Each structure stands twice: as structure tokens, then as C-alpha cells.
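Asks: Questions regarding the structure given below will be posed in turn.
Every read-out reported here was derived from the displayed coordinates using simple, explicitly stated rules and does not represent laboratory data. Because the structure is predicted, anything quoted here is derived from the model rather than measured. When we count neighbours, we look across all protein chains shown, and the Cβ atoms used for this are built from the backbone with ideal geometry, even at glycine.
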Amino acid sequence: MNDVVGRFVALEGGEGVGKSTQARLLADALKARGFEVVLTREPGGTPGAEAVRGLLLDPPAPGWHAAAEALLFAAARADHVERAIRPALARGAWVICDRFLDSSRAYQGGAGGMLDADLLQLHRIGSGGLLPDVTLLLELPAILAEQRLARRDGGASDAIGGRGASYHGRVALTFADLADAEPDRFCRIDAGGAESEVHRRILQTLGLASEC
Ligand code: TMP
């Protein structure tokens, strides 16, 4: 995209791996270095996309079927890209995004049964196919992620987070396959250990560690 001049970083991974914390720490570190940073999330990031988030995570009964769910995620993303991400990148800001397209490919695709080609086609239609410059995949063994989630949410989960171990196992496998397939865009981050340690790994991966 020739109008994109900033740096677009997405954080991806399953539930409870620490994406939101690490996105915030990364945004703070970049701001401390004098960069303009837009810290945002999916689904969400604009008023319209936040409204769709509510429909997705707390759906009216009986919930969405797979294709409708994928379309809603793509619609929220289209609004987010058009109204928040592209303008930020065009003015030279860094965009740190807690989840992006690869979450749809892992959750609605690998775990939910939608074809990856169809999800990419929706993304092309809705968002011009915009991809992050770097996708940080945070990885943690399932048992440790469950413990973190229990500490954070006390067992409460939304409509997608509560889908069960086999669904979330397929999510993790799909993320790993996506990272293997696109090694130039994905960086796999060991999300185990202290927050500060994971943060250090991320800064190192992005070539920012020496400026700490
Ligand atoms: P989170 O913001 O707390 O991670 O919650 C978002 C939930 O939505 C999480 O369970 C992952 C899920 N999700 C998808 O299924 N597809 C997507 O494209 C995105 C962005 C999130």
C-alpha cells in the first residue's frame, strides 16, 4: 500500500497468553522513544467496530453461525482499517494492534471450519488486504494460559473464549501453521515467564532492545 508509511505491528495468540499486556508495554516503550503510537484492538478500535464486538462476544440467542461470525469480524475490521489504522499509518504513527486478521484465520478458519481462502477474500474486499508489517505470535502451553486466564477473569469467558479445549487447541495449531507458512511476517515469541521478560523479548525481536 503506497499510502502506508508508519509501522503496523499485530500481536496474536490464543486466550490468556498476555497479548493485551504486551501490546500496552510495547506502545508505552515506543511512546517513550518519541513515536506517535496508536494502541488498538480487534474486534474493536472504532465506535462501529466496538459495537460489532459486543454482538460477537455477547451474541443474541442463538448466536451466529460460522459464516455470519466471519462476516461480522471482517466488517468490524473493515471499519477499523478504514477509519483508524490506515489514517494512523499514513501520518507516520506506529499502530500496535491487539489481534488482527490472523485471529480470524485461526478462530473462524482453522478452529471454526471456514476456508482460509474465503477469509482472505473477505479481507481483500473489506480492508484492501492490508497486513501488518510484523505479527508477533505469543505462544504459551495451554495449561499455563488457562492458569493466567483463571487469575485474570476468574473463570468468566465470552462466547468465543468459552468454546472449549479442542476448539482452542485448533486455534493454537492454526496460528503455528500460519507462522510457519509466513516466516517473514511472523515472529514467534515465547510468552512464558515474567511480563518484563516477555516485553524484553519483543523489543529485541523488533530491534528496539539496544535503545532500552
Ligand atoms: P479478546 O479481545 O479478549 O482477545 O477477545 C476477542 C475474542 O474474539 C477472542 O476470543 C478471540 C476472538 N476473535 C476471533 O474469533 N476472530 C477474530 O478475528 C478476532 C479479532 C478475535
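Asks: Just checking, how many residues over the range 179-191 are assigned to a helix (DSSP H, G or I) and in contact with a Leu (Cβ under 8 Å, 6 or more places away or on another chain)?
Replies: 1
Asks: Now, a different point. Of the conditions (1) farther than 28 Å from Ala150 by Cβ; (2) in contact with a strand residue (DSSP E or B) (Cβ under 6 Å, 6 or more places away or on another chain); (3) among the small types (Gly, Ala, Ser), Ala78 fails just one. Which one is it?
Replies: For Ala78, the exception is condition (2).
Asks: Going through the range 47-74 one residue at a time, which ones are in contact (Cβ under 8 Å) with a residue 24 or more places away in the chain, surrounded by fewer than 19 Cβ atoms within 10 Å (Cβ to Cβ) and more than 10 Å from the ligand (Cβ to nearest atom)?
Replies: Gly48, Asp58, Pro59, Gly63, Ala66, Ala67, Leu71
Asks: Separate question: Suppose we keep only residues that are under 18 Å from Pro132 (Cβ atoms) and assigned to a loop (DSSP other than H, G, I, E, B) within the range 192-212. Which one would you say is nearest to the chain's Cα centre (by Cα)?
Replies: By that ranking, first place goes to Leu206.
Asks: Taking the condition of being touching a His at 6+ places or on another chain (Cβ under 8 Å) and acidic (Asp, Glu), how many residues in the range 28-45 meet it?
Replies: Residues flagged as touching a His at 6+ places or on another chain (Cβ under 8 Å) and acidic (Asp, Glu) within the range 28-45 amount to 1.
Asks: Here is a further query. In the range 1-105, which strands (runs of 3 or more DSSP E) lie fully inside it and hold 2 or more residues that are closer than 22 Å to Arg170 by Cα and out of contact with any helix residue (DSSP H, G or I) (no Cβ under 6 Å at 6 or more places or on another chain)?
Replies: Ranges flagged: none.
Asks: May I pose another question? Being in contact with a Ser or Thr (Cβ under 6 Å, 6 or more places away or on another chain) and either surrounded by fewer than 17 Cβ atoms within 10 Å (Cβ to Cβ) or within 24 Å of Phe8 (Cα to Cα) (or both) is true for just one of Phe175, Phe186. Which residue is that?
Replies: Selected residue: Phe186, the only one of Phe175, Phe186 that is in contact with a Ser or Thr (Cβ under 6 Å, 6 or more places away or on another chain) and either surrounded by fewer than 17 Cβ atoms within 10 Å (Cβ to Cβ) or within 24 Å of Phe8 (Cα to Cα) (or both).
Asks: Which residue out of Tyr167, Tyr107 is aromatic (Phe, Trp, Tyr) and surrounded by fewer than 20 Cβ atoms within 10 Å (Cβ to Cβ)?
Replies: Tyr167
Asks: While we're on this one: Search the range 75-85 for residues being of a type outside the set (A, V, I, L, M) and within 12 Å of the ligand (Cβ to nearest atom), and hand back the single one that is surrounded by the fewest Cβ atoms within 10 Å (Cβ to Cβ).
Replies: Filtering first and then ranking leaves His80.
Asks: Still on this structure: Pairs, please: C-beta under 6 Å, at least 6 apart or cross-chain, first residue more than 14 Å from Leu144 (Cβ to Cβ) and in the range 180-201, second among the hydroxyl-bearing types (Ser, Thr, Tyr) and assigned to a helix (DSSP H, G or I)?
Replies: Partner pairs satisfying both residue conditions: Cys187/Thr205.
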